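Peer 1: Pasting a structure here, questions to come.
The values are calculated or read from the model by the stated rules, or taken from the named source; none is laboratory data. Owing to the predicted nature of the structure, the values given are computational and were not obtained by experimental measurement. Neighbour counts run over all protein chains shown; Cβ positions are idealised from the backbone, glycine included.
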Amino acid sequence: MAKADIEMDIQRHEDSAGGRHDDEGPLIKYYRASEVLPGPVPALQRLLRKGPATCAAIQSSSGILSFGIGVVFAASFGINLNFLTLFRVPIITGIMFIFAGILSNLLYKHPGLLQTCFIANIACLVVSGIGTILLIVDLRPGGNTIQNKMEVLALCVTLMDMIIAVVLIYWFYREKRDHKQ
């Protein structure tokens, strides 16, 4: 077995302030920034603080709901009975709102998609406006059948999608306008 005879005494003593008794200075040095520098400002920061991703998630999920209502309606009722099934209004608006919602969610990672999101939401608004007119024409007053209830549900979902699209269009337009200036 190896044996070593090493002295274990402390050679230098420290005072309570963290410094040594000799002229070497403190053992631990702390560095502090003398001035706080602002970090880089991400693109579209003002827009992203408003939370368009939340609206886009709601837009996508209501688009899925609209698509599902359209599929159920197309499978359950005859195609020649009303405009809702003839023109596949909820299916088309559902697909468009899913697409626009996904694009708006990608805006945080890819700020260059602002113009594309703006155009996609305008297209959704136009198509759902036409769809809303067709749904209103299809409604029959006094009808209490399951078909009328489904039409009202599709109309409510489409109107909710339109409101979300209007809010997103307004936010995107303001961001584009402020970005130009």
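Peer 1: Checking the conditions here, which among Gly112, Gly94 is modelled with pLDDT of 90 or more and part of a helix (DSSP H, G or I)?
Peer 2: Step by step, each of Gly112, Gly94 is checked, and only Gly94 is modelled with pLDDT of 90 or more and part of a helix (DSSP H, G or I).
Peer 1: Identify the residue in region 137-146 that is loosely packed, with under 12 Cβ neighbours inside 10 Å and either in a helix (DSSP H, G or I) or in contact with a His (Cβ under 6 Å, 6 or more places away or on another chain) (or both) and, among all such residues, is modelled with the lowest pLDDT.
Peer 2: Only one residue tops the list, namely Ile146.
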